[in-house]
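The values are calculated or read from the model by the stated rules, or taken from the named source; none is laboratory data. Keep in mind that this is a model prediction, so the values were computed, not measured. Neighbour counts run over all protein chains shown; Cβ positions are idealised from the backbone, glycine included.
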Amino acid sequence: MKSPTIIQGGMGVGVSHWKLARAVSLCGQLGVVSGTALDMVFARRLQDGDPDGDLRRAVDQFPIKEIAQRVWNRYFIEGGKAPDASYKNVPMFSIAPTRDLLELTVLANFVEVFLAKEGHKGIVGINFLEKIQLPLLPSIFGAMLAGVDYVLMGAGIPRDIPQVLDRFAQLEPASLKVFVEDADKNNDVRTHLDPETFLGDQRVFMKRPKFIAIIASATLAMTLAKKASGRVNGFVIEGPTAGGHNAPPRGNLELNERGEPLYGDRDQVDLDKVKQLGLPFWLAGSYGAAGRLQDALNVGAHGIQVGTAFAFCEESGLDEVYKDDVIRQVLKGEVDVFTDPRVSASGFPFKVVSVEGTLSDAAVHDERERLCDLGYLRHVYQRPDGKIGYRCPGEPVDVYVKKGGKAEEACGRKCLCNGLVSAIGLPQHRKNGYEEPALLTAGDTLKSIGQFLPEGQSRYSAENVIELLLQKVEGAHAR
């Protein structure tokens, strides 16, 4: 398998959907689908009626027909739900999820990867957040059933993922240790998945995808290379100017005059130490411009990962209204990205694009009633009685405190789960008529995406991005 020079970032919830990943893959680079909350995104697409028939076509290729039909019957609405009707939510994940939720998650990840790979021989990856631990096993299994070529993971220390890939490739059971707050250090709570649960006596070929860890320090690279449970195939080294979640600054948190985290010399990755590991690496964070790929190659990188440039191209899953609005702001020189240290329930800084009418608007945020009904960023904790519980800093403060959380931890949090889903045109409509507002994320290079617009145009394609990124590249790396 030829390694890519350009990796398209796995962005948001459904921003990096199958159409974008497929377009990038067709250009000879690594197209990546976002695996975050795919169970819920797939269920909502089914409730919208699958107007183009893409989901039906992929579901028909799922190897376990009974599972495919059960999920389809549970969520599909012929002709789609009424525009102002509420979506039927999927159950929230727990240590022991329901069989229905497992089947939905496996099928959703299969469908997304299948559609991204359909009809060509290019390579496709899937991106997960280590922080969202509970859905990982069925998500990885579903993606591998569809033949995913790469698994990429950041926002944590994914030490156990290589072994999961190894075991699933042999159709063997796998488990993952779950971080549990308020538990003693000897706690060993795990999620489990046995492929036989889904396949029975049916045998399928499962190739082992390559695993790339998304990191922000040489120390983490060395730890994963030497102490991971199996083979790590490379690293994406992501700087703090990248979109989405950023690694927290090392040392005590200090803020600039805007209230953003300050990053310093300690946050610079020692590339010489990474190179000594002998594994390929890609650089990410402000590499979306002509000449930046060559800069990366010059310091020994295998290539670059780029997200923001692809997030606003024609093929991305971002709602067209927001694409147009942001591109207009960019062309006027008015766009703003804020690194918010408080917004995400994960505890990681998160980049927010300022767009009127979205959760970045203080008035819109203040109007929203706090609730947690999707639960992807919930924390697992041990209750005083020793049982497992679930809490989210984005839920009502009194509820969070009653579960043992600290009120100050809930301050400033916003509902990323609902906001990011609304950004791709799948907002929840509450029974009282309230529509969940969107939340947009992008890297600091958002202000420069106008460079990808063909002359006289207000839209650009994934191919436009790749063509510009490959400019000024010497030798064989140019397409």
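Going through (1) of a type outside the set (D, E, K, R); (2) out of contact with any Phe, Trp or Tyr (no Cβ under 9 Å at 6 or more places or on another chain); (3) modelled with pLDDT under 95; (4) over 17 Å from L426 (Cα atoms) one by one, P4 falls short only on (2). Does any residue of the range 147-169 turn out to be at pLDDT 95 or above, in contact with a His (Cβ under 6 Å, 6 or more places away or on another chain) and not β-branched (V, I, T)? Taking every residue of the range 147-169 in turn, none turns out to be at pLDDT 95 or above, in contact with a His (Cβ under 6 Å, 6 or more places away or on another chain) and not β-branched (V, I, T). The helices (runs of 4 or more DSSP H) falling completely within the range 316-420 that include 2 or more residues that are among the basic types (K, R) map to 320-332. Which of the residues belonging to the range 239-254 are in contact with a strand residue (DSSP E or B) (Cβ under 7 Å, 6 or more places away or on another chain), at pLDDT 90 or above and surrounded by fewer than 12 Cβ atoms within 10 Å (Cβ to Cβ)? None; the set is empty.
Would you please name the residue that is surrounded by the most Cβ atoms within 10 Å (Cβ to Cβ), looking only at residues in the range 421-434 that are within 26 Å of the chain's Cα centre (by Cα) and not in a helix (DSSP H, G or I)? Step through it out loud before you land on a result.
Step one: of the range 421-434, the residues within 26 Å of the chain's Cα centre (by Cα) are 421-430.
Restricting the remaining residues to those that are not in a helix (DSSP H, G or I) gives 423-430.
Working: A423: 28, I424: 22, G425: 16, L426: 22, P427: 19, Q428: 18, H429: 16, R430: 13.
Looking at residues that are within 26 Å of the chain's Cα centre (by Cα) and not in a helix (DSSP H, G or I), I get A423.
Residue check: is G443 among the small types (G, A, S), under 22 Å from N246 (Cα atoms), in contact (Cβ under 8 Å) with a residue 60 or more places away in the chain and buried (at least 22 other Cβ atoms within 10 Å of the Cβ)? Spell out how you get there, then give the answer.
Values: among the small types (G, A, S): yes; under 22 Å from N246 (Cα atoms): yes; in contact (Cβ under 8 Å) with a residue 60 or more places away in the chain: yes; buried (at least 22 other Cβ atoms within 10 Å of the Cβ): yes.
Yes, satisfied.
The set of residues from the range 88-122 being closer than 24 Å to G389 by Cβ, assigned to a helix (DSSP H, G or I) and touching a residue at least 12 places away in the same chain (Cβ under 8 Å) comprises D100, L101, L102, L104, T105.
All of L293, L279, L297 fail the test of being among the hydrophobic types (A, V, I, L, M, F, W, C), touching a Gly at 6+ places or on another chain (Cβ under 8 Å), more than 16 Å from E467 (Cα to Cα) and assigned to a helix (DSSP H, G or I), apart from L297. In summary, V326 fulfils each of the numbered conditions (1) under 30 Å from P249 (Cβ atoms); (2) surrounded by fewer than 19 Cβ atoms within 10 Å (Cβ to Cβ); (3) modelled with pLDDT of 95 or more with the single exception of condition (2). Looking at the structure I just gave you, is G300 on the phi > 0 side of the Ramachandran plot, surrounded by fewer than 18 Cβ atoms within 10 Å (Cβ to Cβ) and in contact with a Leu (Cβ under 8 Å, 6 or more places away or on another chain)? When the stated conditions are applied, G300 passes them. Within the range 208-240, the set of residues being among the aliphatic types (A, V, I, L, M) and not in a helix (DSSP H, G or I) comprises I212, A213, I214, I215, A216, A228, V232, V236, I237.
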